[in-house]
Amino acid sequence: EAQVTQNPRYLITVTGKKLTVTCSQNMNHEYMSWYRQDPGLGLRQIYYSMNVEVTDKGDVPEGYKVSRKEKRNFPLILESPSPNQTSLYFCASKQDRDNYGYTFGSGTRLTVV
Amino acid sequence: AQSVTQPDIHITVSEGASLELRCNYSYGATPYLFWYVQSPGQGLQLLLKYFSGDTLVQGIKGFEAEFKRSQSSFNLRKPSVHWSDAAEYFCAVGSPGGGADGLTFGKGTHLIIQP
(Lines give C-alpha, C1' and ligand atoms only; values in the text may rest on other atoms or scores of the structure.)
Protein backbone atom coordinates (compact mmCIF):
# COMPACT_ATOMS: atom_id res chain seq x y z
CA GLU A 1 0.00 0.00 0.00
CA ALA A 2 1.29 3.43 -0.98
CA GLN A 3 1.70 5.47 2.14
CA VAL A 4 3.61 7.96 4.24
CA THR A 5 4.47 6.61 7.66
CA GLN A 6 5.26 8.82 10.62
CA ASN A 7 6.47 7.78 14.01
CA PRO A 8 5.61 8.19 16.74
CA ARG A 9 1.91 9.06 16.59
CA TYR A 10 1.98 10.66 20.01
CA LEU A 11 4.90 12.07 21.98
CA ILE A 12 5.17 13.95 25.25
CA THR A 13 8.59 15.35 26.05
CA VAL A 14 10.25 17.94 28.25
CA THR A 15 11.71 21.26 27.24
CA GLY A 16 15.21 20.96 25.84
CA LYS A 17 15.30 17.21 25.27
CA LYS A 18 16.25 16.51 21.67
CA LEU A 19 13.80 14.45 19.67
CA THR A 20 13.33 13.12 16.16
CA VAL A 21 10.09 12.41 14.35
CA THR A 22 10.60 9.95 11.54
CA CYS A 23 8.88 10.01 8.17
CA SER A 24 9.14 7.39 5.47
CA GLN A 25 7.40 7.01 2.11
CA ASN A 26 7.27 3.95 -0.13
CA MET A 27 6.26 5.66 -3.38
CA ASN A 28 9.71 6.76 -4.58
CA HIS A 29 8.56 10.37 -4.38
CA GLU A 30 11.08 13.14 -4.92
CA TYR A 31 9.36 15.83 -2.88
CA MET A 32 8.83 15.58 0.85
CA SER A 33 7.60 18.20 3.25
CA TRP A 34 6.83 18.81 6.91
CA TYR A 35 3.83 20.82 8.09
CA ARG A 36 2.57 21.77 11.50
CA GLN A 37 -1.09 22.26 12.28
CA ASP A 38 -2.27 24.58 15.01
CA PRO A 39 -5.84 25.56 15.94
CA GLY A 40 -6.96 28.62 14.05
CA LEU A 41 -3.79 28.69 11.93
CA GLY A 42 -4.31 25.77 9.57
CA LEU A 43 -1.23 24.00 8.22
CA ARG A 44 2.06 25.77 7.83
CA GLN A 45 5.11 24.41 6.05
CA ILE A 46 8.23 23.91 8.16
CA TYR A 47 10.77 22.45 5.72
CA TYR A 48 10.68 20.72 2.39
CA SER A 49 13.02 18.64 0.29
CA MET A 50 13.09 18.41 -3.49
CA ASN A 51 15.40 15.41 -3.54
CA VAL A 52 18.19 13.65 -1.68
CA GLU A 53 20.50 16.15 0.01
CA VAL A 54 18.31 19.07 -1.15
CA THR A 55 16.33 20.76 1.61
CA ASP A 56 15.01 24.26 2.18
CA LYS A 57 13.05 26.30 4.69
CA GLY A 58 9.32 26.68 4.57
CA ASP A 59 7.28 29.33 6.35
CA VAL A 60 8.05 28.39 9.98
CA PRO A 61 11.51 26.72 10.13
CA GLU A 62 12.77 28.18 13.41
CA GLY A 63 13.64 25.52 15.97
CA TYR A 64 13.60 22.64 13.49
CA LYS A 65 16.12 20.74 11.41
CA VAL A 66 15.67 18.13 8.70
CA SER A 67 17.84 15.81 6.68
CA ARG A 68 17.35 13.86 3.46
CA LYS A 69 20.07 11.26 3.18
CA GLU A 70 17.83 8.73 1.46
CA LYS A 71 14.94 9.31 -0.90
CA ARG A 72 12.40 7.53 1.27
CA ASN A 73 13.19 9.15 4.63
CA PHE A 74 12.78 12.73 5.82
CA PRO A 75 13.16 13.01 9.60
CA LEU A 76 12.20 16.14 11.53
CA ILE A 77 14.60 17.03 14.33
CA LEU A 78 13.92 19.29 17.28
CA GLU A 79 17.31 19.95 18.88
CA SER A 80 15.89 21.78 21.91
CA PRO A 81 12.11 21.58 21.97
CA SER A 82 10.11 24.35 23.57
CA PRO A 83 6.44 24.49 24.59
CA ASN A 84 5.56 26.63 21.55
CA GLN A 85 6.44 23.62 19.41
CA THR A 86 3.52 21.70 20.88
CA SER A 87 1.54 20.93 17.77
CA LEU A 88 0.26 18.33 15.33
CA TYR A 89 2.89 17.53 12.71
CA PHE A 90 2.33 16.09 9.25
CA CYS A 91 4.79 14.72 6.78
CA ALA A 92 3.79 14.69 3.10
CA SER A 93 5.28 13.55 -0.17
CA LYS A 94 4.61 13.98 -3.88
CA GLN A 95 6.09 12.64 -7.06
CA ASP A 96 7.65 15.74 -8.61
CA ARG A 97 7.48 19.49 -8.74
CA ASP A 98 4.46 19.66 -11.01
CA ASN A 99 2.34 17.02 -9.39
CA TYR A 100 0.59 18.38 -6.36
CA GLY A 101 -1.03 15.13 -5.38
CA TYR A 102 0.47 15.26 -1.91
CA THR A 103 0.09 12.15 0.19
CA PHE A 104 0.00 12.92 3.90
CA GLY A 105 1.02 10.83 6.86
CA SER A 106 -1.36 10.27 9.76
CA GLY A 107 0.28 12.89 11.93
CA THR A 108 2.36 13.12 15.09
CA ARG A 109 0.90 14.89 18.08
CA LEU A 110 3.76 16.43 20.04
CA THR A 111 3.42 17.93 23.49
CA VAL A 112 6.39 19.77 25.02
CA VAL A 113 6.06 20.46 28.75
CA ALA B 1 2.43 35.93 -1.85
CA GLN B 2 -0.39 33.49 -2.23
CA SER B 3 -3.06 33.20 0.44
CA VAL B 4 -6.27 31.29 1.11
CA THR B 5 -9.33 32.41 3.06
CA GLN B 6 -11.99 30.09 4.38
CA PRO B 7 -14.54 32.49 5.83
CA ASP B 8 -16.48 29.92 7.85
CA ILE B 9 -14.76 28.41 10.87
CA HIS B 10 -17.72 26.14 11.67
CA ILE B 11 -20.68 25.04 9.58
CA THR B 12 -23.59 22.93 10.80
CA VAL B 13 -25.69 21.05 8.26
CA SER B 14 -28.49 18.54 8.68
CA GLU B 15 -27.90 15.08 7.34
CA GLY B 16 -29.25 14.85 3.80
CA ALA B 17 -29.04 18.59 3.19
CA SER B 18 -26.79 20.21 0.63
CA LEU B 19 -23.43 21.68 1.52
CA GLU B 20 -21.25 24.50 0.26
CA LEU B 21 -17.91 25.39 1.84
CA ARG B 22 -16.37 28.64 0.73
CA CYS B 23 -12.80 29.24 -0.31
CA ASN B 24 -11.23 32.42 -1.69
CA TYR B 25 -7.66 32.67 -2.80
CA SER B 26 -5.19 35.37 -3.62
CA TYR B 27 -2.66 34.70 -6.35
CA GLY B 28 -1.24 36.60 -9.30
CA ALA B 29 -2.26 34.08 -11.94
CA THR B 30 -4.35 30.92 -12.11
CA PRO B 31 -3.15 28.72 -9.29
CA TYR B 32 -3.47 25.05 -8.58
CA LEU B 33 -6.36 24.59 -6.15
CA PHE B 34 -7.12 21.75 -3.78
CA TRP B 35 -9.57 20.59 -1.18
CA TYR B 36 -8.44 18.24 1.56
CA VAL B 37 -10.49 16.56 4.29
CA GLN B 38 -9.23 15.63 7.72
CA SER B 39 -11.30 13.20 9.74
CA PRO B 40 -10.79 13.18 13.52
CA GLY B 41 -7.40 11.71 14.41
CA GLN B 42 -6.48 11.20 10.78
CA GLY B 43 -4.18 12.74 8.24
CA LEU B 44 -5.30 14.78 5.27
CA GLN B 45 -6.95 13.16 2.30
CA LEU B 46 -7.16 14.82 -1.08
CA LEU B 47 -10.80 15.31 -2.16
CA LEU B 48 -10.19 17.01 -5.50
CA LYS B 49 -7.89 19.36 -7.36
CA TYR B 50 -8.04 21.90 -10.16
CA PHE B 51 -5.16 22.58 -12.47
CA SER B 52 -6.78 23.81 -15.69
CA GLY B 53 -9.63 23.09 -18.10
CA ASP B 54 -13.20 22.44 -16.98
CA THR B 55 -13.94 24.70 -14.05
CA LEU B 56 -16.27 22.18 -12.40
CA VAL B 57 -14.17 19.47 -10.80
CA GLN B 58 -15.46 16.17 -9.51
CA GLY B 59 -13.82 14.52 -6.55
CA ILE B 60 -14.15 11.55 -4.29
CA LYS B 61 -17.00 10.89 -1.86
CA GLY B 62 -19.49 12.76 -4.02
CA PHE B 63 -17.84 16.17 -3.66
CA GLU B 64 -17.38 18.72 -6.41
CA ALA B 65 -15.86 22.19 -6.59
CA GLU B 66 -16.18 25.05 -9.02
CA PHE B 67 -13.35 27.40 -9.94
CA LYS B 68 -14.56 30.96 -10.56
CA ARG B 69 -11.74 33.16 -11.74
CA SER B 70 -13.80 36.38 -11.55
CA GLN B 71 -14.50 35.75 -7.87
CA SER B 72 -11.15 34.14 -6.99
CA SER B 73 -13.14 31.33 -5.46
CA PHE B 74 -13.06 27.56 -5.34
CA ASN B 75 -16.11 26.51 -3.34
CA LEU B 76 -16.70 22.90 -2.36
CA ARG B 77 -20.18 21.41 -2.72
CA LYS B 78 -22.04 18.23 -2.01
CA PRO B 79 -25.74 17.73 -2.82
CA SER B 80 -26.55 15.54 0.19
CA VAL B 81 -24.29 15.14 3.21
CA HIS B 82 -23.89 12.03 5.30
CA TRP B 83 -22.96 11.82 8.97
CA SER B 84 -19.57 10.45 7.91
CA ASP B 85 -18.78 13.78 6.21
CA ALA B 86 -18.27 15.42 9.61
CA ALA B 87 -14.65 16.52 9.48
CA GLU B 88 -12.29 19.45 9.00
CA TYR B 89 -12.00 20.71 5.43
CA PHE B 90 -9.02 22.60 4.10
CA CYS B 91 -8.72 24.56 0.90
CA ALA B 92 -5.18 24.97 -0.44
CA VAL B 93 -3.44 26.81 -3.24
CA GLY B 94 -0.18 25.91 -4.96
CA SER B 95 1.83 27.71 -7.59
CA PRO B 96 1.86 26.33 -11.13
CA GLY B 97 5.29 25.08 -12.11
CA GLY B 98 5.75 23.57 -8.73
CA GLY B 99 8.91 24.17 -6.84
CA ALA B 100 9.59 25.85 -3.60
CA ASP B 101 6.23 27.30 -2.66
CA GLY B 102 4.59 24.11 -1.58
CA LEU B 103 0.98 24.49 -0.62
CA THR B 104 -0.64 27.35 1.26
CA PHE B 105 -3.58 26.17 3.32
CA GLY B 106 -6.62 27.97 4.59
CA LYS B 107 -7.37 27.76 8.29
CA GLY B 108 -10.02 25.14 7.78
CA THR B 109 -13.79 24.78 8.14
CA HIS B 110 -15.14 22.41 10.74
CA LEU B 111 -18.23 20.65 9.41
CA ILE B 112 -20.81 19.41 11.91
CA ILE B 113 -23.62 17.13 10.76
CA GLN B 114 -26.90 17.22 12.65
CA PRO B 115 -29.05 14.09 12.64
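Results, tabulated for the structure shown:
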item	result
Meets criteria (modelled with pLDDT of 95 or more, in a strand (DSSP E or B) and among the polar types (S, T, N, Q)) for A:Gln37	no
Search result, residues across the range B:1-49 that are touching a Phe, Trp or Tyr at 6+ places or on another chain (Cβ under 6 Å) and farther than 12 Å from B:Ala92 by Cα	B:Glu15, B:Leu21, B:Gly43
All positions within the range A:52-103 that are in contact (Cβ under 8 Å) with a residue 24 or more places away in the chain and of a type in the set (Phe, Trp, Tyr)	A:Tyr64, A:Phe74, A:Tyr89, A:Phe90, A:Tyr102
Filtered residue count, the range B:1-17, keeping only those that are touching a residue at least 24 places away in the same chain (Cβ under 8 Å) and within 15 Å of the chain's Cα centre (by Cα)	8
Among (1) within 23 Å of B:Thr30 (Cβ to Cβ); (2) modelled with pLDDT of 95 or more; (3) buried (at least 18 other Cβ atoms within 10 Å of the Cβ) - the single one B:Gly106 does not satisfy	(2)
Hey, B:Ala92 touching a strand residue (DSSP E or B) at 6+ places or on another chain (Cβ under 7 Å), closer than 17 Å to A:Thr103 by Cα, small (Gly, Ala, Ser) and in a strand (DSSP E or B) or not	yes
The range A:28-58, residues that are exposed (fewer than 13 other Cβ atoms within 10 Å of the Cβ) and more than 28 Å from B:Gln6 (Cβ to Cβ)	A:Asn28, A:Glu53, A:Val54
Which listed residue is aliphatic (A, V, I, L, M) and either in contact (Cβ under 8 Å) with a residue 40 or more places away in the chain or closer than 29 Å to A:Met50 by Cα (or both), from B:Leu56, B:Leu33	B:Leu33
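The values are calculated or read from the model by the stated rules, or taken from the named source; none is laboratory data. Quick caveat: nothing in here was measured; it's all calculated off a predicted structure. Note that we place each Cβ from the backbone using ideal geometry, even for glycine, and neighbour counts take in every protein chain shown.
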